[in-house]
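Remarks on the structure that follows.
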Amino acid sequence: MQPLHLYNTLSRKKELFEPLNPPYVGMYVCGPTVYNYVHLGNVRTFLTFDTLYRYLTFIGYKVRYVRNLTDVGHLVGDGDEGEDKIGRMAKLEKVEPMEIVQRFTNDFHTVMAQFNTIPPSIEPTATGHMVEQIEAVQALLANGLAYESNGSVYFDIETYNKRGGQYGKLSGRILDDLLNETRELDGQSEKRSPLDFALWKNASPEHIMRWNSPWGAGFPGWHLECTCMSTKYLGKQFDIHGGGMDLKFPHHECEIAQGDGLTGHDPVRYWMHSNMLTVNGQKMSKSLGNSFLPAELFSGSHHLLEQAYSPMTVRFFMLQSHYRSTLDFSNDALKAAQKGYRRLANGLRISRKLTYAPANESASDEAKQQDIRQAVQQFYEALNDDLNTAVGIAQLFTLLKYINMLYLNQLQVSALGEEVFNLLKESFATFMHEVLGLLEEGMDNQPVLEGLLTLYREYKDQKQYDKVDQIRSYFKAQGLAIKDMKHQIDWAYEE
């Protein structure tokens, strides 16, 4: 196994990754709340953990990747009061709540497929695990860490901390400061402390999504679902829990308290969080009008976009930045990413055509061989350094340089030797496809393009330049270019 180091949000430092039961790894990522279309902040989080999933599998771990769907309990304002957001939409549209859930679940899966993410091993839903959530509430009540009030059940933060718990340790919040910052809100009088959070909420008569429980008809608190589903599928303690930085407090903080209260120890060994997105230096938000959906990126329909950007361009753009750094969207940055992605896509396409032929032996070039070996090793070192895809991509471009030199006859394959040639070709494709999840887009059109290129060669030989120009124009309209070289005629993605 490669010596992988990951930044642990809990310890606030990079740690050597040592799974509980190697080579098995349990990874849980907070999935979407399925009452809205997936936004780019979600996408960045899921791309981060898709890449981690890919890399852990690539270096030999057997990963159980669990990503939930929140389909109940997410209240307006994300607090402990108000309507369930799915139920609210169902009322407005006069449909069943599960129709809302299914619509946005389908959209989420479509977007994830467009970005070439691998589906998780298990994708549980909150509504499918009501029994486990009720049992967890009963256990916390029995442990003296929860109390019932007017048909609702709350987690008792003060009692938890008196027993040695450290509520706030993940986010770095101090309990006294939190209490001072918290003002009394409507409906909080039934809590012993304003910091206490709902494990189970009493449902008002008009609340659609409701289940019977020992405390009356109600629904689970938002934070409880992840604790119950992660425990069910990964055990009382597991390796990695991930999500966006916005979930550190209160969601993940509450998960730690619940898990500790149920088992007597921290539920997770490595906490990982991806950072936020900005647009032209400003925080991305609907109120500022600078928030756009993936579909708007792909079509270029948003007023802030100068053109459309493909899914692989956006994936490449996100991977160019370390997952813990802020990522700023701008047209200039996206155009640069498009150019970089197309350069790699061209390298991927032409690398398939390269073959090792030891004829016409040239002198072995040990310096170039060493450079290729070093780039491959440094790719691993970059990913092992807290999943540093930005540095890893830089090594891909080093490998690309040699692929282009071979393609242009500036370097003979025999100068590399068969072993290094195969290392170059296989590593480049494997790192792009299996680790970074970058696909060559437009593969379905390639037979047509090759056929047109055959006609192009024939028309050029026959000096039918009007038809040559027509084919060139067609390629250009597709974002492609025809390359007339001394030794061959080929096409490439326009950079």
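Sort out for me the Cα centre separation of segment 238-252 from segment 286-336, rounded to whole Å. That distance is 24 Å. The label point for Leu439 and the one for Asp328, both projected 7 Å from the Cα toward the Cβ, are 3.2 nm apart.
3J(HN,Hα) along segment 331-336, derived from phi through the Karplus expression 6.51 cos²θ - 1.76 cosθ + 1.60 where θ = phi - 60°, amounts to 4, 4, 5, 5, 5, 5 Hz, with x in place of Gly and Pro. Each residue of segment 18-35 was assigned a 3J(HN,Hα) from its phi angle through the Karplus expression (A = 6.51, B = -1.76, C = 1.60, θ = phi - 60°), giving 10, x, 4, 10, x, x, 8, 10, x, 10, 10, 10, 5, x, x, 8, 8, 10 Hz with x at Gly and Pro. Seen against the Cα atoms of the chain and their longest principal axis, helix 465-477 is set at about 20 degrees.
Computed 3J(HN,Hα) for segment 310-326, one whole-Hz value per residue from the Karplus formula 6.51 cos²θ - 1.76 cosθ + 1.60 where θ = phi - 60°, is 6, x, 6, 4, 5, 4, 4, 4, 5, 6, 6, 10, 5, 4, 8, 9, 5, glycine and proline marked x. Please identify which residues in segment 123-147 have an amide N closer than 20 Å to a label point set 7 Å out from the Cα of Arg163, following the Cα→Cβ vector. From segment 123-147, the list is 132-147. For Val25, nonlocal amide neighbours, meaning residues 5 or more places apart or on other chains whose placed amide H falls under 5 Å from its own, are Lys62, Val63, Arg64. The GluC sites (Glu not before Pro) found in segment 361-456 that occupy coil by DSSP, while having at most 13 further C-beta atoms within 10 Å, are Glu361. From the alpha carbon centroid of segment 210-228 to that of segment 32-74 is 24 Å.
Here, each number is a calculation from the coordinates, and none is a lab measurement. None of the values given here were measured: they were computed from a predicted structure. Neighbour counts run over all protein chains shown; Cβ positions are idealised from the backbone, glycine included.
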